[in-house]
Amino acid sequence: MPLGEMFGGPSSSSVLHTASSGRCGISKGLRMSATPDMSAQEAGMPTVVLVHGAFAGSSSWNGVIANLRGRGYPVIAVANPLRGVQKDAAYVRALLDSLSGPVVMAAHSYGGLVMTEAAAGASNVKALVYVASVSPDVGESVIGLLGMYPGSQLATSINMVPIPSDDGGMTMDQYILQDKFPEVFAADVDPGTAEIMAATQRPASASAQEEGVTKAAWKTIPSWTLITTQDLGIPPDLQRFLADRAGSTAVEVAASHAVAVSQPGPVADLIDTAARATARSMQMSKSRQG
């Protein structure tokens, strides 16, 4: 079955705008059957690689993974080391290089920097999806970007813990204070779940917040952005600015920073939209070559 047909089907609607043009309208995000009649390999479906950010882990994607697997997508949620942009990007790039076939990447929060660096020059990566995240340009860091717009409460919610560094000195790991975690990070998540997330959060090194990227994959790879309008971690206005600058197709969701936990459906929908657009583009390219 041709990819264009495989990725057809009934549609669902969500508020969407193309950031590069500012146009608003209705996205007709196509859905696949929850029980696909062909294997992912036979269908030519892309592998979805998910990159978590700071103060979270791969399990933060659990709801999104279940949704995407129900649509037939192969999914890998990589364990982002959170040790610094360059180290983390090298780790993720090694995984990308091990995969055959097309890849759609999605990243949350700080994971956007890692994805932006790691995907640059990776010929198998066909789409980037930024989820409550940042799409930095060369030289930009988390700290620098968060200073561009007001609204983030992270700076006043961080607990710094000294740890040994690779050079024999000391550096700092960063955690969100547990009593502030639900409000700042996961305000729309069930309180009991938010408390568990606070207790199990993975810290990011200070260098992860301070290092800038050396490459910007969004300049050569199409991107989509999910903007969280109730985000107290990454201000919505910053997310809008970055999406517009990247020419990213953006959708806005009334959600906290932990949207992948609180509303996995819209996150999976946008990844699915990016994957389908990728498949159509690949099919059209093959048709022209044929």
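Where a number appears in this text, it was derived from the coordinates with a stated rule and is not lab data. Keep in mind that this is a model prediction, so the values were computed, not measured. Note that we place each Cβ from the backbone using ideal geometry, even for glycine, and neighbour counts take in every protein chain shown.
Data for the structure
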| item | result |
| --- | --- |
| Ellipsoid semi-axes in whole angstrom, largest first, where each is sqrt(5λ) of the Cα gyration tensor of segment 121-168 | 26, 20, 11 |
| Taking segment 148-237 and dividing mean pair separation by its residue count, relative contact order in percent (alpha carbons under 8 Å, at least six apart) | 35 percent |
| Percent antiparallel among DSSP beta bridges (both partners in segment 92-185, rounded to 5) | 50 percent |
| Summed side-chain charge close to residue 151 - residues other than residue 151 whose Cβ falls under 10 Å, Lys, Arg +1, Asp, Glu -1 | -2 |
| Per-peptide average of other Cβ atoms within 10 Å, ordering 157-168, 247-258 highest first | 247-258, 157-168 |
| Listed pairs 180/215; 87/219; 87/126 exceeding 27 Å between Cα atoms | 180/215 |
| Segment 93-219: equivalent-ellipsoid semi-axes (sqrt of 5 x gyration tensor eigenvalues, Cα, Å) | 27, 19, 16 |
| Mean Cβ count within 10 Å, highest first, over the residues of peptides 213-222, 236-245 | 236-245, 213-222 |
| Pairs of Cα atoms farther than 20 Å apart, segment 163-290, % | 61 percent |
| Charge sum, other residues only, whose C-beta stays under 12 Å from residue 227's C-beta, Lys/Arg counted +1 and Asp/Glu -1 | -3 |
| Long-range amide H partners of residue 250 with built H, under 5 Å | 17, 18, 19, 225 |
| Relative contact order computed over segment 93-183 (Cα-Cα under 8 Å; 6+ residues apart), in percent | 21 percent |
| Whole-Hz ³J(HN,Hα) from phi, Karplus 6.51 cos²θ - 1.76 cosθ + 1.60, for segment 197-207, glycine and proline x | 4, 5, 6, 9, 4, 9, x, 10, 5, 4, 5 |
| Debye log10 I(q)/I(0) at q = 0.22, 0.24 Å⁻¹ for segment 73-151, Cα point scatterers | -1.03, -1.21 |
